[in-house]
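*Asks:* Got a structure for you, questions after.
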Amino acid sequence: MTRTSPDDTDNKVPLRVLVLGVGNILLSDEGVGVRVVEELQKHPLPACVEVVDGATRAMELIDVMRGREKVIIIDALDADVEPGAVFKFGPEQLAETRKMSVSVHDIGVHEAIFLLGLTGELPGDVIFYGIQPGSLELHEGLTEPVSMAVKKVIGFILEDLQNVPGC
């Protein structure tokens with residue numbers, strides 16, 4: 001985890017809002033979620049926000065999301081459109097995007113959301129930002145269109161965070 005509450009004990013209560021970037025930075029644009037949270041950490045954020053690099057964590061994502069009021073998730077999403085296109089959607093559209101996921105992990109965000117829903121622990125406000133990759137080649141950098149999308153998504157997230165009451 002990259003940002004935690006001041007009381008950094010094992011039994012801490014999670015911060016109300018989670019911004020979670022997932023992906024594999026070794027596969028170029030597949031790591032866009034991680035790159036978004038890296039850049040987001042350079043901005044001043046409300047004290048109720050925790051920013052987490054979820055990388056390719058699998059079942060751990062359930063525990064990272066559990067107990068939150070709001071979760072914002074950023075990941076690569078292959079919708080077969082121009083690289084850098086940004087999609088914003090909620091959990092109700094998640095099933096439609098499952099076939100578009102470019103996740104290289106066995107259990108990822110889709111499964112974590114599904115399991116949290118089954119147990120009644122799904123946060124009440126979940127937002128997904130999917131970014132169309134241009135390349136999934138073995139390379140640590142982002143393509144130019146996806147790099148530009150990172151800036152756009154950070155703006156959207158900062159706007160989302162302004163609308164969190166009491167944060």
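Laboratory data are not the source of any read-out in this text; all were calculated from the coordinates shown. Quantities reported herein were computed from a predicted structural model and do not represent experimental measurements. Positions of Cβ are generated from backbone atoms using ideal geometry, with glycine treated the same way; all protein chains shown enter the neighbour counts.
*Asks:* Calculate the spin-label point distance for GLU39 paired with VAL164, positioning each point 7 Å from the Cα along the beta-carbon direction, and give it in nanometres.
*Replies:* In this crude spin-label approximation the distance works out to 2.0 nm.
*Asks:* Where a Cα-Cα gap under 12 Å defines reach, which aspartates and glutamates qualify for LYS151, not counting those fewer than 8 residues away within the same chain?
*Replies:* Excluding near neighbours in sequence, the set is GLU38, GLU39.
*Asks:* Computed FRET efficiency, Cβ-Cβ of LEU26 and ALA47, R0 35 Å: what is it to the nearest 0.05?
*Replies:* Calculated value: 0.60.
*Asks:* Here's a follow-up. Give the calculated FRET efficiency between GLU60 and LEU136 to the nearest 0.05, with a Förster radius of 30 Å applied to their Cβ-Cβ distance.
*Replies:* Efficiency computed from Cβ-Cβ geometry: 0.85.
*Asks:* For region 27-167, compute Rh as the Kirkwood radius over C-alpha pairs and then the Stokes-Einstein diffusion coefficient at 10 °C and 1.306 mPa s; write the answer in µm²/s, rounded to an integer.
*Replies:* D, rounded to a whole number, is 104 µm²/s.
*Asks:* Also: What are the GluC sites (Glu not before Pro) within region 107-141 that DSSP puts in a loop, where the Cβ has at most 13 other Cβ atoms within 10 Å?
*Replies:* Of the GluC sites (Glu not before Pro), the ones in loops of region 107-141 whose Cβ has at most 13 other Cβ atoms within 10 Å are GLU121, GLU137, GLU140.
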